[in-house]
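A.B. asks: Handing you a structure now.
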Amino acid sequence: MYKLCKTEESSKRQREIEGVLLRLMTLKGYDDITVSEICEAASLPRKSFYRYFDGKEGAMQSLLYHTMTDFQTFSDVMNNNTSDNKKKETRTLQGEFEGFFAFWKSKKDFLDAFDKSKLIGLLVENATGYAMSEFVNIQKFLTEGNERERQQVFQFTICGLMTLTIDWYRSGFAETVPTIARTAARLISKPLFPDLDKMGIQT
């Protein structure tokens, strides 16, 4: 677990320690990193580390949580980044996804660290959990079905988006942000397999 900071200074320090953990993860796998190494790299006494986290796992949980909240802030800025003299453009599905992929492209070091530590699956799981619990009002997007069905559809969607993101990252971001966003928008806005009926499969 990690502690909820009550002051801006302590919150800043907590984020700095998370940054040290992330930096160490780019050099060696997460499993091989110790609290002592984190403290040494952060020039921090061990007792100070435990003011913020109950252990290395707590620092990891905090890093993941704050990365998801960074995305929410990034998205909010993008959606409101218009001048007083410019009429805000209509939001589009592709535009929303361009923000999503631009954010993850800016987090290459983060993805490098998680890939090196073989923790990409943890990232996908965390992204799904965060979106389910805090980021999105699912019923706003999925009005049909019961709550369990809506959750399952949303989990399927988020896992797909994160898997697409990871594949894109591992390709060296081969496609442009608009191109990968267009692919994601197609997956969301159209049937995944529109020709099933031609194969004799009823939907």
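The values are calculated or read from the model by the stated rules, or taken from the named source; none is laboratory data. Predicted model, so just to flag it, every value in this text is computed and none were measured. As a convention, Cβ positions derive from the backbone with ideal geometry for all residues, glycine included, and neighbour counts pool all protein chains shown. For accessibility, only protein heavy atoms count, side chains too; no ligands or nucleic acids. Shrake-Rupley method; radii C 1.70, N 1.55, O 1.52, S 1.80 Å.
A.B. asks: Can you tell me which residues in the stretch 73-105 are open to solvent by 60 Å² or more (accessible area, probe 1.4 Å) and modelled with pLDDT of 95 or more?
C.D. replies: Hit for the stretch 73-105 is K105, nothing else.
A.B. asks: Which condition breaks for L44 when tested against (1) out of contact with any Gly (no Cβ under 7 Å at 6 or more places or on another chain); (2) at pLDDT below 95; (3) assigned to a helix (DSSP H, G or I)?
C.D. replies: Result: L44 fails condition (3) only.
A.B. asks: Scan the stretch 102-123 for residues that are touching a residue at least 12 places away in the same chain (Cβ under 8 Å), within 13 Å of Y30 (Cβ to Cβ) and either of a type outside the set (S, T, Y) or in a helix (DSSP H, G or I) (or both) and jot them down.
C.D. replies: Of everything in the stretch 102-123, those that are touching a residue at least 12 places away in the same chain (Cβ under 8 Å), within 13 Å of Y30 (Cβ to Cβ) and either of a type outside the set (S, T, Y) or in a helix (DSSP H, G or I) (or both) turn out to be F110, D112, A113, F114, D115, K116, K118, L119, I120, L122, L123.
To keep it simple, each residue is scored yes or no on (1) surrounded by fewer than 12 Cβ atoms within 10 Å (Cβ to Cβ); (2) touching a strand residue (DSSP E or B) at 6+ places or on another chain (Cβ under 7 Å); (3) within 24 Å of T128 (Cα to Cα).
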{"residue": "Y2", "(1), (2), (3)": "no, yes, yes"}
{"residue": "C5", "(1), (2), (3)": "no, no, no"}
{"residue": "S11", "(1), (2), (3)": "no, no, no"}
{"residue": "E18", "(1), (2), (3)": "no, no, yes"}
{"residue": "L21", "(1), (2), (3)": "no, no, yes"}
{"residue": "M25", "(1), (2), (3)": "no, no, yes"}
{"residue": "I38", "(1), (2), (3)": "no, no, no"}
{"residue": "A59", "(1), (2), (3)": "no, yes, yes"}
{"residue": "S62", "(1), (2), (3)": "no, yes, yes"}
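A.B. asks: Follow-up. If you scan the stretch 160-177, which residues turn out to be touching a residue at least 60 places away in the same chain (Cβ under 8 Å), part of a helix (DSSP H, G or I) and farther than 15 Å from L93 by Cβ?
C.D. replies: T165, W168, Y169, listed by residue number.
A.B. asks: Assuming D31 fulfils every condition listed in (1) in a helix (DSSP H, G or I); (2) charged (D, E, K, R); (3) without any contact (Cβ under 8 Å) to a residue 60 or more places away in the chain apart from one, which condition is it?
C.D. replies: That leaves (3) as the condition not met.
A.B. asks: Could you list all residues from the stretch 124-148 that are of a type outside the set (S, T, Y), modelled with pLDDT of 75 or more and assigned to a helix (DSSP H, G or I)?
C.D. replies: The answer is V124, E125, N126, A127, G129, E147, R148.
A.B. asks: I'd like the full set of residues that are over 26 Å from L142 (Cβ atoms) and either in contact with a Phe, Trp or Tyr (Cβ under 6 Å, 6 or more places away or on another chain) or in contact (Cβ under 8 Å) with a residue 40 or more places away in the chain (or both), limited to the stretch 178-203.
C.D. replies: Across the stretch 178-203, the qualifying residue is only P178.
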